[in-house]
1. Exactly one condition in (1) within 14 Å of chain B (Cβ to nearest Cβ); (2) at pLDDT 90 or above; (3) in contact with a helix residue (DSSP H, G or I) (Cβ under 9 Å, 6 or more places away or on another chain) is false for residue A:153; which is it?
2. Could you grab me the full set of residues in region B:164-179 that are buried (at least 17 other Cβ atoms within 10 Å of the Cβ) and touching a residue at least 24 places away in the same chain (Cβ under 8 Å)?
3. Any idea which of (1) surrounded by 14 or more Cβ atoms within 10 Å (Cβ to Cβ); (2) away from ligand 2 (no atom under 16 Å from the Cβ); (3) in the same structural domain as residue B:208 (by TED's automatic domain parsing); (4) within 29 Å of residue B:203 (Cβ to Cβ) is the one residue B:90 doesn't satisfy?
4. Would you check which residues across region B:63-101 are more than 19 Å from residue B:212 (Cβ to Cβ) and within 9 Å of ligand 1 (Cβ to nearest atom) and list them?
5. Residue A:17 fails exactly one of the following numbered conditions: (1) without any contact (Cβ under 8 Å) to a residue 12 or more places away in the chain; (2) surrounded by 12 or more Cβ atoms within 10 Å (Cβ to Cβ). What is the number of that condition?
6. Can you tell me which of A:242, A:226, A:180, A:165 is modelled with pLDDT under 85 and either within 14 Å of another protein chain (Cβ to nearest Cβ) or surrounded by fewer than 19 Cβ atoms within 10 Å (Cβ to Cβ) (or both)?
7. Please work out which residue is nearest to the other protein chains (Cβ to nearest Cβ), limiting yourself to region B:74-87 and to residues that are touching a residue at least 24 places away in the same chain (Cβ under 8 Å) and within 16 Å of ligand 2 (Cβ to nearest atom).
8. Kindly provide the set of residues from region B:58-69 that are surrounded by 23 or more Cβ atoms within 10 Å (Cβ to Cβ) and either in a helix (DSSP H, G or I) or within 12 Å of another protein chain (Cβ to nearest Cβ) (or both), ordered by number.
Ligand SMILES: Nc1ncnc2c1ncn2[C@@H]1O[C@H](COP(=O)(O)OP(=O)(O)OP(=O)(O)O)[C@@H](O)[C@H]1O
Ligand SMILES: [Mg+2]
């Protein structure tokens, strides 16, 4: 087969025509429609709040793990990782089951007398947060555990010996020394949560329209690829900063470790 | 550079006649009263009593696993005793958490805070006391000068050498002016030369500050160099407490004699004991005379302990006495530079060691392998042990 190369003189017009075909109209459209802006903000809000919740729940958990007897630690790590053996999608479907009107969660609340009648959990923000916190828990706990486990017990004893009561030793010694774990865990959760699609789609309602869902709708429902691609590019730009921070820290840690 | 040849202890002014333990009216700074600590089935410290006086440099000496660290941790508050009481200036420490105790500890691993600079490490304890900032800065500076680390204030611990880290740990523990400074094998990670220098600095520092130092070590030489008094421990118990000279010259048992320095032990039966001397019939059939009364009945099994440097070694049979003389064959000669060590197989099969200091330059060895030699010593050189 013979390849036909266009002569050099015809490349330039082609390129020119290609460049002329490019336009920022779709980006402008993103700005004009409040829906997109709302979805971006919602995504950032959900990611920020869930990361905070994950940190608040994950830190004590990881701390307890790091302080547990050695033999128990391996088993606890195992328990944290265990859910990965089941498909992520199946686990989110399981939450639908748990949270539905006659689901396990409502039955429990009724049995304990906390609520009078079943609550509609599904299609609410709460359900989305429950799903996200549950799904991303290992991604928060494992980096935190890795950082906390490295802190020697003698440092806590030294702090106590020098007159620091436990909470002060925790604040002055444990927290600063576990900072690499806090940063790694937070970024590892925050970045993918911003673009999360499955959890808000299955557990959330119209109130939690996140950018992942918008993207999906534009691509597959509206088949408006230009606008979808603009949505995706802007999302990438939003996340590039935290991703770069994460990469930088990881690289530095590997350097220091070696 | 000054080479440390012999364990000589510099005694500055007030420390020369320092002996509060000999004063029955003196009350101790720290008192362990029948303290016991068990870990599961292991008894780490067993019903132990001990007094440590203010201003003392006290050493806890014993083999690995005998409970030295546990004793120190009980005092610092990291462990709670199962039995007994620990008193500080007469007050029971029970229930007082480590962060309230006026003692400070220098950890074996130093336990410096890796994220804080040298000065922040030293200031840490002072900040807990809510000392005003300018005062903290002044104290930190004073401490840095004390351990000769001026100019290291801003460094992080991971940028320091082992010896420098050790000094930071010392400065940090001393910054709060503790009533007692507890040191757990502070020199274990230093090389031999640095250790010798640091030992002298510690002695000087202690004399200058007057703080009570309690040091844990399994190195008997280190304990003897540093301490005013030392306690020899065996499996969670204290077997003897005394000044280094007392422990070395008057060990209370074979265990102590053997643990602190080298010793020759000759087994025998006590034949007679008087006001100032006693006679022992040695197992090899030799008569041993010791210038010391023995607290045992004639016929009792005893051991005559004799330090190698107190044994004379010669090719001729000593003429002056028929006692305290044993014949044997040299089986090993060790030349250590300042000393020569002779191992002699006695005619009854026992092995004895004699050391000679090489006062003149050794040109030709007069006593060598397989020589028939006589070992002898004056009655004052040996002591009798009943345990
Ligand atoms: N936290 C603990 N749990 C269980 N056993 C312990 C604990 N700490 C100490 N032990 C045991 O108590 C005994 C005394 O230990 P300790 O650390 O006091 O010895 P040491 O004299 O300091 O020894 P070394 O010279 O090796 O440091 C040992 O048998 C040790 O195994
Ligand atoms: Mg120890």
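The values are calculated or read from the model by the stated rules, or taken from the named source; none is laboratory data. Computed from a prediction, not measured in an experiment: that's the story for all the values here. Ideal geometry is used to build each Cβ from the backbone, glycine not excepted, and the neighbour counts take in all protein chains shown.
1. Going through the list (1) within 14 Å of chain B (Cβ to nearest Cβ); (2) at pLDDT 90 or above; (3) in contact with a helix residue (DSSP H, G or I) (Cβ under 9 Å, 6 or more places away or on another chain), residue A:153 breaks only (2).
2. B:165, B:166, B:168, B:169, B:170, B:171, B:172, B:173, B:174, B:175, B:176, B:178
3. The single condition residue B:90 does not satisfy is (1).
4. B:63, B:64, B:65, B:66, B:67, B:70, B:79
5. Among (1) without any contact (Cβ under 8 Å) to a residue 12 or more places away in the chain; (2) surrounded by 12 or more Cβ atoms within 10 Å (Cβ to Cβ), the lone unmet condition for residue A:17 is (2).
6. Going through A:242, A:226, A:180, A:165 in turn, just one is modelled with pLDDT under 85 and either within 14 Å of another protein chain (Cβ to nearest Cβ) or surrounded by fewer than 19 Cβ atoms within 10 Å (Cβ to Cβ) (or both): A:242.
7. Among those residues, the one meeting the criterion is B:76.
8. B:68
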